[in-house]
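Let me begin by presenting the structure, written as structure tokens, before commenting on it.
The values are calculated or read from the model by the stated rules, or taken from the named source; none is laboratory data. Computed from a prediction, not measured in an experiment: that's the story for all the values here. Backbone-built Cβ (ideal geometry, glycine too); neighbour counts: all protein chains shown.
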2 protein chains.
Amino acid sequence: MKKSGKMTIVQIAEMAGVSVSTVSRVLNHKGNVDADTCARVEQIIFEQGYAPNRLAQGLVRQRSKTIALIVPDISNPFFADIIHGVEDVCTPLGYSMYLCNSNFDHDRESHFLVEMAERQAEGALLISAFLQNQELIHQLNRNSMSIVCIQTQIEGIDCVNTDDYAGLCHSIQRLIDLGHRRIAFLCMDKRGCRMRFQAYCDTLKKNGIPIVPEYIRESVETNHSENPGYSMARAVLSLPCPPTAIQSLNDHLAFGVYRATQELHLRIPQDLSVVGYDDLPISSLLRPALTTIHQPAYSMGEAGCELLIKNISSKRNAAPRERREVLFATRYMERDSTAPPREL
Amino acid sequence: MKKSGKMTIVQIAEMAGVSVSTVSRVLNHKGNVDADTCARVEQIIFEQGYAPNRLAQGLVRQRSKTIALIVPDISNPFFADIIHGVEDVCTPLGYSMYLCNSNFDHDRESHFLVEMAERQAEGALLISAFLQNQELIHQLNRNSMSIVCIQTQIEGIDCVNTDDYAGLCHSIQRLIDLGHRRIAFLCMDKRGCRMRFQAYCDTLKKNGIPIVPEYIRESVETNHSENPGYSMARAVLSLPCPPTAIQSLNDHLAFGVYRATQELHLRIPQDLSVVGYDDLPISSLLRPALTTIHQPAYSMGEAGCELLIKNISSKRNAAPRERREVLFATRYMERDSTAPPREL
DNA sequence: GTGAAAGCGCTAACAC
DNA sequence: GTGTTAGCGCTTTCAC
């Protein structure tokens, strides 16, 4: 703990009067080294507060022991919970995590992917992504960096999902059964939620309800300070013939809807039914409690990270591994934000 | 985009029939290189999808272009907002972020700090930390890795804060002015919130109100699936003589308090006043809306990252830099979760 | 304008 | 049990 600036293994070796390989051996507890020598080296390492440079280690070992997490927006607690699950499996294994927020920007997403590969991340967890550039993803997954998707499907890439399509079909059907026919759909970028959007359209069609383009809103906002659900709700509720129900892509956006209804002095569910997706812990605390579709975020993170790490190992052993997909069940959580429309 | 496995600069050089230094020159756009040669090399780089190994670059440049973020728990949206602010300043500058969750565990905190230094992070943002091991922090900050604290004070270390002490004094005083004398204080680990705890004690004393140990609760839970505010609230509310008000360390914990009151069929604020800290966006949406103390999380993240990056530059230029502290104002947000106690 | 060579900090054969 | 040496993939003088 004395000298300033960084020590290297060479200096430690000199101070201990041994060669660098001996120091390396005691550092990594491998190879035979005399007990006395070992003690002396360890003593010096301790005194000097020396720690090996992991970049250099990684370079020679061809192993960075890092993975990358690419999420759309860390402000959404759903992603935070996933990350929590990821970390709980990768940290004990000695992996560190890079965190990247795409801000729902497709270019940022690919850009981060490339950067993480350059930084020699051994794997990447692509969470709720847009996937425009499948070619890139496949190329990376084949060559440099294993990739696993969470809440996203890509052909040929391992993933963990819930059954979005079924989950959303159920939700929309339930709204229709309650008597709603004017149902809006709010999301960030349709490319990031194909299945849910498809489910929305299909269920309306199946029930003979026309699809009204004005009821479908996307947000391409990147402004951190406002919940995009708010402005989309304002927009859709100010239509001449506003919807009686809103299916929000996720709970986070639904919070923005709640805020909009307060400002407009609209009551949920009397004037407007609202449904979320994710079932964040806070959602059941809202008044009225939010009707939503439950997803096990933490477990999804764990599962995704496990898949990823297995893929990394297989690749290192050149052991071929079949593609696999982990599917979790969703649960429809009917609470107090849904009711028949007033007209009935 | 053809060959599998990773390309190196040597292979590119061979394919282009030039030396590695020339390839390096075109890669980094520095030094003079013939336009034709340049074009040819770039063409090959493109065809092969080659990208330089940043670990190797970092090793020779002595620059990793990474910073570490050490937060207690990413599930708390307050930290997520800070991270958002950090990222918005460091990403454009070419820095990547490592993310570490200490889970409110002091040992994990120091362990991560050391690991991040080994991984050659150029700096670390220590957010809401416990700081038992100041020696370690100073040593790292002096030698290997610049450190800046957010929502934490350490002697000799740059930091960004709000005036916690004043903020909490005001809040407790307000509760007392409303007529409360049995006020509980819920937190995670007292070491992580010395100022607030001190403010709580001092304000009670100043008003001649005895400090009741049973009203002070810490949580050392690491269980991700339950909000510790919940169990602490249950405990404190089942006391023979329960408090009439709860000051929660932060909004996140206050959500757990809300849940507990629902189960116990207690009404806020009639039966219990609740105050948070942070003013998360969701807090104003709760019913009753949560009274709390506002902190500008995003801006704090930005400011912290700016300080950190300036410190990194100064250190590289061996330019001495005085310690500095950025202080943001808090705002007391009185909403609907506070009222006079029923007894009055 | 371009190449040869040294070296960033470390590990891992391979000798002894 | 320990040391020597050749790299890992890259940048950067320094010659030419």
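Among the residues of segment A:8-21, those that are aliphatic (A, V, I, L, M) and more than 7 Å from DNA strand C (Cβ to nearest atom) comprise A:12, A:13, A:15, A:16, A:18.
Cβ-Cβ contacts under 6 Å between residues 6 or more apart (or on different chains), taken from a first residue in segment B:15-33 that is closer than 16 Å to residue A:118 by Cβ to a second residue that is more than 7 Å from DNA strand C (Cβ to nearest atom) and assigned to a helix (DSSP H, G or I), are listed as B:23/B:9; B:23/B:12; B:23/B:13; B:23/B:41. Scanning segment B:131-174 for residues that are within 18 Å of residue B:248 (Cα to Cα) and either at pLDDT below 95 or of a type in the set (Asp, Glu) (or both) turns up B:152, B:163, B:164. Residue B:105 falls short on exactly one of the conditions (1) at pLDDT below 95; (2) within 13 Å of another protein chain (Cβ to nearest Cβ); (3) over 22 Å from residue A:49 (Cα atoms); (4) surrounded by 18 or more Cβ atoms within 10 Å (Cβ to Cβ), and that condition is (4).
When segment A:22-35 is filtered for residues that are out of contact with any helix residue (DSSP H, G or I) (no Cβ under 7 Å at 6 or more places or on another chain), closer than 13 Å to residue A:52 by Cα and within 7 Å of DNA strand C (Cβ to nearest atom), the ones remaining, listed by number, are A:27, A:28. Taking residues in segment B:108-119 that are farther than 12 Å from residue A:52 by Cα, and partners anywhere that are among the polar types (S, T, N, Q), the pairs with Cβ atoms closer than 6 Å and at least 6 places apart or on different chains are B:108/B:102; B:109/B:102; B:110/B:133. Scan segment A:53-76 and report the pairs whose first residue is over 24 Å from residue B:76 (Cβ atoms) and whose second residue is near DNA strand C (Cβ under 8 Å from one of its atoms) and in a loop (DSSP other than H, G, I, E, B), with Cβ atoms within less than 6 Å and a gap of 6+ or a chain change. Filtered contacts from segment A:53-76: no entries. For segment A:1-93, the helices (runs of 4 or more DSSP H) that sit wholly inside it and include 3 or more residues that are touching a Leu at 6+ places or on another chain (Cβ under 7 Å) are A:54-61, A:77-90. Report, by residue number, each residue of segment B:331-344 that is surrounded by 11 or more Cβ atoms within 10 Å (Cβ to Cβ) and assigned to a loop (DSSP other than H, G, I, E, B). B:334, B:335, B:336, B:337, B:338, B:339, B:340, B:341, B:342, listed by residue number.
Being away from DNA strand D (no atom under 16 Å from the Cβ), surrounded by fewer than 23 Cβ atoms within 10 Å (Cβ to Cβ) and over 22 Å from residue B:84 (Cβ atoms) holds for only one residue in A:94, A:31, and it is A:94. Is it the case that some residue within segment A:111-125 is of a type in the set (A, V, I, L, M, F, W, C), within 15 Å of DNA strand D (Cβ to nearest atom) and more than 21 Å from the chain's Cα centre (by Cα)? Scanning segment A:111-125, I find no residue that is of a type in the set (A, V, I, L, M, F, W, C), within 15 Å of DNA strand D (Cβ to nearest atom) and more than 21 Å from the chain's Cα centre (by Cα), so the answer is no. Would you be able to tell me the number of residues in segment A:34-46 that are near DNA strand D (Cβ under 8 Å from one of its atoms) and acidic (Asp, Glu)? Counting residues in segment A:34-46 that are near DNA strand D (Cβ under 8 Å from one of its atoms) and acidic (Asp, Glu) gives 2.
Here A:62, A:43 are screened, and the one residue that is surrounded by fewer than 17 Cβ atoms within 10 Å (Cβ to Cβ) and either under 26 Å from the mean Cα position of the chain (by Cα) or away from DNA strand C (no atom under 11 Å from the Cβ) (or both) is A:43. Residue A:130: more than 10 Å from every other protein chain (Cβ to nearest Cβ), aromatic (Phe, Trp, Tyr) and in contact (Cβ under 8 Å) with a residue 24 or more places away in the chain, yes or no? Here the answer is yes, as residue A:130 does meet what is asked.
Criterion applied to A:62, A:43 was being polar (S, T, N, Q) and within 11 Å of chain B (Cβ to nearest Cβ), and the one residue passing it is A:62.
Inspect all residues belonging to segment B:311-330 and state whether any of them is surrounded by fewer than 15 Cβ atoms within 10 Å (Cβ to Cβ), away from chain A (no Cβ under 14 Å), of a type in the set (A, V, I, L, M) and over 30 Å from residue A:6 (Cα atoms). Yes, segment B:311-330 has at least one match. In the set (1) in a loop (DSSP other than H, G, I, E, B); (2) within 11 Å of chain B (Cβ to nearest Cβ), the condition left unmet by residue A:243 is number (2). In segment A:117-131 there is no residue matching the filter, namely being of a type in the set (Val, Ile, Thr), in the same structural domain as residue A:327 (by TED's automatic domain parsing) and surrounded by fewer than 24 Cβ atoms within 10 Å (Cβ to Cβ).
Could you tell me whether residue A:20 is β-branched (Val, Ile, Thr), within 12 Å of chain B (Cβ to nearest Cβ), within 10 Å of DNA strand D (Cβ to nearest atom) and more than 16 Å from the chain's Cα centre (by Cα)?
Against the criterion (β-branched (Val, Ile, Thr), within 12 Å of chain B (Cβ to nearest Cβ), within 10 Å of DNA strand D (Cβ to nearest atom) and more than 16 Å from the chain's Cα centre (by Cα)), residue A:20 does not qualify.
Considered as a group, the residues in segment B:2-21 that are within 15 Å of residue B:52 (Cα to Cα) and hydrophobic (A, V, I, L, M, F, W, C) include one that is modelled with the lowest pLDDT, and that residue is B:7.
Looking across segment B:46-59, the residues that are more than 8 Å from chain A (Cβ to nearest Cβ) and more than 14 Å from DNA strand C (Cβ to nearest atom) come down to B:46, B:47, B:48, B:50.
Quick one: is residue A:57 more than 7 Å from DNA strand D (Cβ to nearest atom), closer than 20 Å to residue B:116 by Cα, at pLDDT below 95 and not small (Gly, Ala, Ser)?
So residue A:57 fails the test.
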